[in-house]
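K.L.:
Take a look at the following structure, please.
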Amino acid sequence: MKENASATKSLRETASRLLSEEKVAAVIGYARRNGADMAVPVFVRRPEDAEQLVFDDGCFGNLAVYLAKSEVRALGKLGIVVKGCDLRTVNVLLREHVVDRDDVYLIGVRCAGVDDSGATRCAACESHDPDGCDVVVGDPVDQPKVNAEDRYKDAAEMETRSPEERWEFWRRELDRCIRCYACRQACPLCYCKRCIVEKTAPQWVESSPHLRGNIAWHVARALHVTGRCVGCGQCERVCPVGIPLNAVNQKMAKIVDEWFGFRSGQSPDEQGPFSTFSEDDPEIEIL
Amino acid sequence: MLQLTLDGQKVEIEEGRTVLDAATAAGIPIPTLCFHRAAPAAGACRICVVEIKAGGRPGLVPACSYPAQDGLEIETRSERVVLSRRMTLQLMLARSPEAEVVQKLAEEYGAVELPFERKNEKCILCGLCVRVCREVIGPSATCFAGRGADREISTPFERLSDVCLGCGACAFVCPTGAIDPATFCARPLEKIPNEFNCGFDSRTPVHIPFPQAVPNKPLIDREHCIHFKTGGCGACKEICPAGAIDYDAEDEVVEENVGAIVVATGYQLMDPGVYEEYGYGRYPDVVTSLEFERMVSASGATEGELVRPSNGKPPKSIVFLQCIGSRRECDGKSYCSKICCMYTAKHTVLYKHKVHDGQAFVFYMDVRAAGKNYEEFVRRVVKEKAATYLRGRVSKIFQRNGHLVVRGAETLGGGQVEIDAEMVVLAPALLPAEGVTDLAQKLRVGYDQNGFLSEAHPKLRPVETNTAGIFLAGACHSPKDIPESVAQASAAASKALGIISHDQLTREPTIGVVNEMTCNGCFECETVCAYKAIDRRELKDRKGEVTAVVAHINEGLCQGCGACSVTCRSKSIEVQGFRDDQLFASINSISR
Amino acid sequence: MIQDNTQQPDASKWQPRIVAFLCNWCSYAGADLAGMSRFAYPAAIRIVRVPCSGRVDPMFVLKAFERGADMVLVSGCHPGDCHYTSGNYHARRKLQAFRELLSFFGVDPRRFKMSWVSAAEGGKWSSLVTELTEEARKLGPFEAFPSMVNAETA
């Protein structure tokens, strides 16, 4: 575990100050708890508790998921610790009116990458230094150049396989889905009060964990994150059966990037690609 | 008000006006040559002299410039006046025997003997051109030069004038047509082709576009107007007695809320120049039917006299070609333009009226004369030999010995014919007006591959479109003639009245409805909606506190397309009549 | 008569089944015109009328495949001519992205077709259906989804 003493110190100071000045009702950040191999989310309500806050390479989670919960927003104005990826998520939440910009205080933290094994997202991250926060802490970090090949690496690798190989692969993977919906719970952008899978009249997606319904769930999930997912990687990380969801997410992000020149989470004022259009959108074999 | 007596008649006139004004007000004619209401009076030609009998110094004075005075007694045609005018006219006739205005007056006043040396000048030295250019337009491009017998109108040092604007005001006021600015203006001058007469004559920048224009008021063509090009002239504004001209007027964008729209954008004709075989654009005597209409019209460039554009003489033989661009699927339009057979028959009759000994031919494929009395009309044309109808198409038109040769097929006789023609009239295909497909997209009205606007149902709803409240009339829908256009227009108007004359509007109920309990308030639906039918609604608890902001669909605006229901991730929007469960039921039953 | 359509089709008597979502104002009217003009086309096509191609959720297409369609067609107004102004533009984006996703998962994208047929194009409609039926015949029955383990058959 790599510690980041400078960021940790600044976070504690910032949080303590914000809370004692009553600028925020709570600061959502990371803490270390006994035995956990990763940093866990913590809600700091009092200035003296700010000492709990840490920042290190075990800070995997996307804390923005809490902003999507009405009971959290009910606490009042919220301070939140955001890495670059988390900040982009917040931009999407802002553009979808989930939370007001005036109701959050964004504490950005410069991050060189976290260590949740298998995550290509950090290698392809372009926001090591989050831009657009109320305050940014942490020592300067290198920002290597990232190109589209790196950004959509997992999807591209999948596309080198033949259609038959792909079908075999995904049948096998999606057959293992147990419909725990951990991916949905972990994703900050899955905030619907009543999810499409919970609608029974009519039933869009069969609820039992069998292959046909599993495919329908994953198709629906992929379509619902298209143009919104910022690649924080939490869905794949929390999946108990290890379905490679990042590849699917990257594929959809690649489509909207190549076809519409759109990348999600750059600003709270952007408009999603599925609610807008261009007369010159590409047409592929439309008869 | 002043009172004076003219020829024993008491006349009242405002102070500051002239004797000529008083005479005009009283209806007493006084001849003038150097007077024009566009320019200040000079009293130069002495034709308008009248005799003061009392109330002022007795003698002859020029009526155009002599100020009216209270108590003046004037005779406008006394013996002394007549003698004076006669002498003046003798002098003028000797100088300008060809000038029509002088000739007419000379005849009236018996100015026959010319005891003077003869000249042949068009210019009668009235000075109107000089005065109008100096006082009204401004640049003062011409002036009097020389003295005595050598007096003439010229530019300084007889050079081409840099200050002349080419406005043509001098030519306009000249009574004898003696002056032409093209001879001394340093700018190149071009005539403006009169669009209504298909370019056969020219017009001025200030013009009424055509005799039946609505409103029947002149407009200024900014592109050619001298004032807009150079800042000079401004004559029209000075002359206008109503002060109606405002050079600074700008285009306005006017927004109106209306309940119904009737689209009647009409048609344009195809340019037959695309078919090189007919020689349109190459040979001046090959014209379109619309150009022919303008040529034979009494308000046209030749006032109704039909002449060949190449030499100005009446055409002794004329050939009419039907279906130029129509009924030609491979390289033109596949449809029939409907009106051409009938107007061509009419044109043959018109031609016969104008050129009694002329010969007319019509190359046709089928004669479409389906309207009331139409067939009988065409039969008459053929029977009374107004035209010879040849069934076949023309392959080529070329020139030989100064006339055109029309080579075509004559399928009833079974051969090829060549006709020597002095003029050829082509009947081009009717097309929808320019830019109508852009308008249609804005109105959300459909159109076919030819650009004609689509009716809601060809049999049962011929004047409605698929967009409620928008109706069609006339050639924008399909080629048709006047009686049909009028009938369609009446129908469209009555449909439109039907909408706006009720208190309530009935509409389709297949609109979207939001489930406010499950809506997350992301408002992607608001962005998607093409009709801005979705807005935001606050949900409140009993204390009046806002608990949520959710989407709300305006029942009056929603058209029921369903784009919002697809965009909604939580499926909180249903389109009545096309609900998800209804569509699922269809899909389930037919997939297997 | 209630038809029992839960049986597997007899392979020798198999006919392709194409489920088509047609927008009411253009494609459905175009198909209607084909009928009025007496253009013949194969009965393989089964039509679901929707107000606009923008009403077609990609999940409808998936559902049609799940229930046994061998091919699915979505047809709307030509771009620029949508009766609802922009519904077909939204359909174009979503449904093409969905087709890419299907292909990514290994489903043959040729089974999902899109077209623009206007109300005046009766001829185009009948040629299109004839062409697609031929292609569906060549691609063969699409049994992948109906044969999958699901709640009814598990």
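K.L.:
Helix A:5-20: angle to the longest alpha-carbon principal axis of chain A, degrees 0 to 90, nearest 10?
P.N.:
For helix A:5-20, the angle is close to 70 degrees.
K.L.:
State, as an integer percentage, the relative contact order of the range B:324-432 based on alpha-carbon contacts under 8 Å between residues 6 or more apart.
P.N.:
24
K.L.:
Please give me the summed charge of the neighbours of B:Cys336: other residues whose Cβ is under 13 Å from its Cβ, Lys and Arg +1, Asp and Glu -1. Can you show the working numbers first?
P.N.:
Working: positive: B:Arg327, B:Arg328, B:Lys333, B:Lys338, B:Arg368, B:Lys480; negative: B:Glu329, B:Asp366, B:Asp481.
Within the 13 Å Cβ shell, the charges total +3.
K.L.:
Shifting gears a bit: Give the percent of DSSP beta bridges with both residues in the range A:1-105 that are antiparallel, rounded to the nearest 5.
P.N.:
60
K.L.:
Most fluctuating residue of C:Phe105, C:Phe39, C:Phe65 in a GNM of chain C with Cα springs under 10 Å: which is it?
P.N.:
Maximum among the listed residues: C:Phe105.
K.L.:
Inside 10 Å of the C-beta atoms of B:463-474, what's the mean count of C-beta atoms belonging to other chains? Don't jump to the answer; show the numbers that get you there.
P.N.:
Working: counts 0, 0, 1, 6, 3, 0, 0, 0, 0, 0, 0, 0.
Partner-chain Cβ atoms within 10 Å, mean over residues of B:463-474: 1.
K.L.:
Sticking with this structure for a sec: If you take every residue apart from B:Asn120 with its C-beta less than 11 Å away from the C-beta of B:Asn120, what net charge results, scoring Lys and Arg +1 and Asp and Glu -1?
P.N.:
Values: positive: B:Arg95, B:Arg118, B:Lys119, B:Lys122; negative: B:Glu98, B:Glu121.
Summing Lys and Arg as +1 and Asp and Glu as -1 gives +2.
K.L.:
Share of antiparallel DSSP beta bridges in the protein assembly as shown, in percent to the nearest 5?
P.N.:
That works out to approximately 55 percent antiparallel.
K.L.:
Then there's this: Once both labels are modelled 7 Å past Cα along the beta-carbon direction, what's the B:Asp70-B:Ile192 spacing in nm?
P.N.:
4.8
K.L.:
How shielded is C:113-121 by partner chains, expressed as the average number of their Cβ atoms within 10 Å of its Cβ atoms?
P.N.:
Taking the mean over all residues of the peptide, I get 4.
K.L.:
Given R₀ = 22 Å, FRET efficiency for A:Glu21-A:Glu51 by Cβ-Cβ distance, to 0.05? Mind dumping the intermediate values first?
P.N.:
On the way: r = 17 Å, r/R0 = 0.79.
Here the calculated transfer efficiency is 0.80.
K.L.:
Ok, one more. Let a ≥ b ≥ c be the square roots of the eigenvalues of the Cα gyration tensor of the range A:23-89; is it rounded (a/c under 1.5), or, if not, prolate (a/b larger than b/c) or oblate?
P.N.:
In terms of gyration-tensor shape, oblate.
K.L.:
Among B:Thr288, B:Met365, B:His457, pick out the residue whose Cα is farthest towards the positive end of the charge dipole of chain B, where Lys and Arg carry +1 and Asp and Glu carry -1 on C-beta, about the Cα centre.
P.N.:
Positive-most Cα among the choices belongs to B:Met365.
K.L.:
Name the residues whose placed amide hydrogens come within less than 5 Å of the amide hydrogen of B:Gln268, ignoring near sequence neighbours (fewer than 5 apart) on the same chain.
P.N.:
B:Leu431, B:Ala433
K.L.:
Would you mind ranking B:Arg391, C:Arg55, A:Arg33, A:Arg237 so that the residue whose beta carbon has the fewest other beta carbons within 10 Å leads the list?
P.N.:
Details: B:Arg391 16, C:Arg55 29, A:Arg33 10, A:Arg237 22.
Ordered from fewest to most neighbouring Cβ atoms within 10 Å, B:Arg391, C:Arg55, A:Arg33, A:Arg237 come out as A:Arg33, B:Arg391, A:Arg237, C:Arg55.
K.L.:
Where the only charges are on Cβ atoms (+1 Lys, Arg; -1 Asp, Glu), what is the dipole of chain A about its Cα centre, to the nearest 20 debye?
P.N.:
So the magnitude is around 1060 debye.
K.L.:
If you don't mind, there's one more thing I want to ask. Amide H to amide H, which residues 5 or more places from B:Phe471 or on other chains are under 5 Å from it, using H placed in the peptide plane?
P.N.:
Here B:Ile261, B:Val262, B:Val263 satisfy the definition.
K.L.:
Nearest 500 deg cm²/dmol is fine: what mean residue ellipticity at 222 nm does chain A get from its DSSP H runs of n ≥ 4 alone, each adding -39,500 (n - 2.57), divided by its residue count?
P.N.:
-10000 deg cm²/dmol
K.L.:
While we're on this one: Taking only the alpha-carbon positions of the range B:147-281 and ignoring solvent, what does the Debye formula give for the base-10 log of I(q)/I(0) at q = 0.12, 0.15, 0.19, 0.21 Å⁻¹?
P.N.:
-0.76, -1.02, -1.29, -1.41
K.L.:
While we're looking at this one, here's another question. FRET efficiency for B:Asp448 and B:His224, Cβ-Cβ distance as r, R0 = 30 Å, nearest 0.05? Write down the numbers at each step before the final one.
P.N.:
On the way: r = 38 Å, r/R0 = 1.27.
Efficiency at R0 = 30 Å is approximately 0.20.
K.L.:
Let me ask you something else. Within the range B:265-307, which residues have the backbone N less than 19 Å from the label spot 7 Å out from B:Ser395 along Cα→beta-carbon, could you tell me?
P.N.:
B:275-280
K.L.:
Continuing with this model, one more query. Highest GNM mean-square fluctuation, chain A, Cα pairs closer than 10 Å: which of A:Val230, A:Val135, A:Val248?
P.N.:
Largest GNM mean-square fluctuation: A:Val135.
K.L.:
Output ³J(HN,Hα) for the range B:250-257: one whole-Hz value per residue in order, computed from phi by the Karplus curve 6.51 cos²θ - 1.76 cosθ + 1.60 with θ = phi - 60°, and x for Gly and Pro.
P.N.:
Couplings: 10, 4, 10, 9, 10, 10, 10, 8 Hz.
K.L.:
Report, by chain and number, residues whose modeled amide H sits under 5 Å from the one on B:Val549, excluding near sequence neighbours (fewer than 5 apart, same chain).
P.N.:
Here the answer is B:Leu539, since their amide H atoms fall under 5 Å of that of B:Val549.
K.L.:
Return the FRET efficiency for the residue pair B:Asp581, A:Asp150: r is the Cβ-Cβ distance, R0 is 41 Å, and the value is rounded to the nearest 0.05.
P.N.:
E(calc), rounded to 0.05, equals 0.40.
K.L.:
Would you please classify the overall shape of the range A:5-137 from the alpha carbon gyration tensor, given that a ≥ b ≥ c denote the square roots of the eigenvalues, rounded means a/c under 1.5, and beyond that prolate means a/b larger than b/c while oblate covers the rest?
P.N.:
The shape class here is oblate.
K.L.:
Antiparallel as a % of all DSSP beta bridges within chain B, to the nearest 5?
P.N.:
If I count the DSSP bridges inside chain B, around 65 percent turn out antiparallel.
K.L.:
Could you work out [θ]222 nm for chain B from helices alone, using -39500 (n - 2.57) per DSSP H run of at least four and dividing by all its residues? Round to the nearest 500 deg cm²/dmol.
P.N.:
About -6500 deg cm²/dmol.
K.L.:
Please give the net charge around B:Ala149, taking every other residue with its beta carbon less than 14 angstrom from that of B:Ala149, where Lys and Arg add +1 and Asp and Glu add -1.
P.N.:
Net of charged neighbours comes to +1.
K.L.:
Assign unit charges at the C-beta atoms only (+1 for Lys and Arg, -1 for Asp and Glu), then state the dipole size of chain B relative to its Cα centre in Debye, rounded to the nearest 20.
P.N.:
Details: 67 positive and 75 negative charges, 271 e Å.
Dipole about the Cα centre, nearest 20: 1300 debye.
K.L.:
Taking the Cα atoms only, what angle lies between the long axis of helix A:84-95 and the longest principal axis of chain A, rounded to 10 degrees?
P.N.:
With rounding to tens, the tilt is 80 degrees.
K.L.:
Sticking with this structure for a sec: Can you list the HN-Hα couplings for the range B:23-31, worked out from phi with the Karplus curve (6.51, -1.76, 1.60; θ = phi - 60°), rounded to whole Hz and with x for Gly and Pro?
P.N.:
4, 4, 5, 8, x, 9, x, 10, x
K.L.:
Could you derive backbone 3J(HN,Hα) for the range B:396-404 from the dihedral phi with the Karplus parameters 6.51, -1.76 and 1.60 (θ = phi - 60°), listing whole Hz in sequence and x where the residue is Gly or Pro?
P.N.:
7, 10, 9, 9, 8, 6, x, 10, 8
K.L.:
With a ≥ b ≥ c taken as the square roots of the eigenvalues of the C-alpha gyration tensor of the range C:18-143, please select rounded if a/c is under 1.5 and otherwise prolate if a/b is larger than b/c or oblate if it is not?
P.N.:
Oblate, because a/c is 1.5 or more while a/b does not exceed b/c.
K.L.:
Ok, one more. To make sure I understand, if each residue's beta carbon is the centre and we count other beta carbons within 10 Å, what order do A:Tyr66, C:Tyr89 fall in, fewest to most?
P.N.:
Least crowded to most crowded, the residues run A:Tyr66, C:Tyr89.
K.L.:
Run a plain Debye calculation on the range A:148-260 (Cα atoms as equal point scatterers, no solvent) and give log10 I(q)/I(0) at q = 0.20 Å⁻¹, rounded to two decimals, same order as the q list.
P.N.:
Relative scattering, expressed as log10 I(q)/I(0), comes to -1.18.
K.L.:
Please build a GNM for chain A, connecting alpha carbons under 10 Å apart, and tell me which residue among A:Glu96, A:Glu168, A:Glu22 fluctuates the most.
P.N.:
Per the Cα network of chain A with a 10 Å cutoff, A:Glu168 tops the list.
Taken together, the values in this text are just the output of simple stated rules run on the coordinates, not laboratory data. Owing to the predicted nature of the structure, the values given are computational and were not obtained by experimental measurement. Every residue, glycine among them, receives a Cβ derived from its backbone with ideal geometry; neighbour counts consider all protein chains shown.
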